[in-house]
Structure formats: structure tokens, C-alpha cells
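This report concerns only the one structure given below.
The values are calculated or read from the model by the stated rules, or taken from the named source; none is laboratory data. Here the structure is a predicted model, which is why all the values come from computation and not from measurement. For neighbour counting, all protein chains shown are included, and Cβ atoms are generated from backbone atoms with ideal geometry for every residue, glycine included.
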């Protein structure tokens, strides 16, 4: 009889242990709200967007999601693919520049965005400082003067060559609008194609001490190579308060570069965000300073541009901001039901 009691106590003890282990397993599963869910991130053809995309991917992996390799699509198609559920999220949505892409893909009915991933993105036109000072060029309208425009002629046709924006990015529409609005069609050629290749030629011309005219934006590595205020200067763009559907693009500092300051935001499929509150909370919380993006992009322009390099940069950023990153993960996990 005594032996039976001992066996019974042993079975009870084993049952307690099994229950505790089961509870631990259940708790562990609860810590991984993304377990069993696959996500597909998108970026544009710009290799420099891989860093900020991969950083979000690392966060999702910590939450247990299975994250597929990022795919390249241009912004308009990215929004549409995410809205249709063919992809999960993008990190390079510009709040103003891509407003029509967002709206035309279904807007808030199909897409989700909350929080700001990177703030203070600026765009505009720049020329080399030497030419600006020698000819007193400060405003894009001065390029209507054929003599001024010819200074920036790289192909010998007598017109200024503006290194511009790839078709499909959104910024090309604004540039084309400026060329028409300010009467620049006869004196300025909008050079389009591979932006990276065009900028490589532009930088080569600068190094040869030749005048340059180009469009760029931040965050991007170009402004770390051609430094505004030192190597190059921003051109002012005339603008008036809202009239005829054209917004005043004057920035808070009083300067006007022809484009309103943008915020880069994470956009996700709405159904996914609603069904995955942990991922949605992560998207909302994550913030990446423009200076950090510029610094990483510069490293890529200097040759550290392989997938392994970008992964190393991303993991290095996480290690340098471990407490912040861990805080995002903890808050995201707490948002799961």
C-alpha cells in the first residue's frame, strides 16, 4: 500500500512537471506572435533602401515571423501589390510624394500606415558652388537664360542637362511640372534612366571641375559626397501660396526647394496589420534617423554594397541601439492578444 502511495505521489509530481513544461511552451509560443506567418517585404530598385527594409525584417524575425527575401518593385506597383495582398509591407512610402500611389491603390480601405519611420526627407535641385558664386545663380528660373543654361550642357546641344528622376518614382512628375511651370522646356533637358549611373557621371564632371546640375533627396548618400553648402548649393524654386492646385513649397526655414518636406512611412496590407497587431505595433514604433540612413548609404557608395555588407550594417546598427530595438520588440509582443 505504501508503495502505491509513493507511485501516486510520483505520478502527481510528474504531472506537475509536465503541466509546468506545457505552460512554458505555451508562454514561449505567445512570445512569438508571428509564428507560422510568412511576410514578403518590398523595396524599389534603389539598392540603398535595403538597409531600412532589412532593419524592419530583423524586427519581424524576432517576433517569430517567417520573412521572405525582399523583392524590388517601383513605388506605384509596390503600393498596388501590397493593397492586393501580393506582398506585405514597404518601408519607403513618402507621405506626400507617393500620396497618389497610396490613394489609387485603395487608400485606407486596403492599406495601413501609422507612425513615422524617418522624418524630414528633403528634395530639390543643386548646382556646384563654384558656378553658383561665379554667375550669381540662386534660383531655378535663371535657367531660362540660354547663356546660363549652356553652362550645364554636358552633351553639346546647348541646353542644360539636369540629372533627374527615374520614371515611376513619383519625383519625375514634379520635375516635369517645374520645367513647364517655369518655362524651362527650351533650355533644360531632364536626363532620366538609371539614377545611380547618371549621378556617377555627374560626380565625375564635378571632379573634373565642370558645372553640374542635378536633382536629389535625403536620406541618400549623394549629399555626403557632394556636400550642400560646401561643394554644391540648393537652387531656390519660386512658389506662391496655394492657388490653382499648386501648394506653397516653402519650408519652415524660409527656403524653397520646390518640394514639401516628406516623411518616410511604413505601409502594410491592411488585413495583415489588423490580423497581426504585434507586427502593426512594430511598424508604428520603429524610427530611423535620416543621418543614420545617409551614413549607411555612403558606405554602400564606397564599395560596401553586397547583401552581406548591408546585413552587417543592419546588425551593427541593432547592436549599437540594442536597448531601443529590444524595447520595440517588447512593446510589439505586448500588443499581441
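Condition first: without any contact (Cβ under 8 Å) to a residue 60 or more places away in the chain, within 26 Å of residue 317 (Cα to Cα) and more than 16 Å from the chain's Cα centre (by Cα). Now tell me which residues in the range 59-113 satisfy that.
Correct list: 61, 64, 66, 67, 68, 69.
Which of the residues spanning the range 118-137 are at pLDDT 95 or above and out of contact with any helix residue (DSSP H, G or I) (no Cβ under 7 Å at 6 or more places or on another chain)?
126, 127, 129, 130, 131, 132, 133, 134, 136
In the range 289-337, which helices (runs of 4 or more DSSP H) lie fully inside it and hold 1 or more residues that are farther than 30 Å from residue 201 by Cα? It would help to see each step written out before you state the result.
On the way: elements: 290-301, 307-320, 322-334.
Fully inside the range 289-337 and qualifying: 307-320, 322-334.
Just the residues that are outside any helix (DSSP H, G or I), modelled with pLDDT of 95 or more and surrounded by 21 or more Cβ atoms within 10 Å (Cβ to Cβ), please, taken from the range 94-108.
105 - this is the single residue of the range 94-108 that is outside any helix (DSSP H, G or I), modelled with pLDDT of 95 or more and surrounded by 21 or more Cβ atoms within 10 Å (Cβ to Cβ).
Would you confirm whether or not the range 246-264 contains a residue that is within 19 Å of residue 64 (Cβ to Cβ) and within 18 Å of the chain's Cα centre (by Cα)? Steps first, answer last, please.
Our first condition is that a residue be within 19 Å of residue 64 (Cβ to Cβ); within the range 246-264, this holds for none.
Looking through the range 246-264, none of the residues is within 19 Å of residue 64 (Cβ to Cβ) and within 18 Å of the chain's Cα centre (by Cα).
Do the conditions hold for residue 50, that is, is it part of a helix (DSSP H, G or I) and assigned by TED's automatic domain parsing to the domain that holds residue 268?
Details: part of a helix (DSSP H, G or I): yes; assigned by TED's automatic domain parsing to the domain that holds residue 268: yes.
Spelling it out, residue 50 is indeed part of a helix (DSSP H, G or I) and assigned by TED's automatic domain parsing to the domain that holds residue 268.
Tell me, please, whether a residue that is under 24 Å from the mean Cα position of the chain (by Cα), at pLDDT 90 or above and in a loop (DSSP other than H, G, I, E, B) can be found in the range 214-226.
So far as the range 214-226 goes, yes, one or more of its residues are under 24 Å from the mean Cα position of the chain (by Cα), at pLDDT 90 or above and in a loop (DSSP other than H, G, I, E, B).
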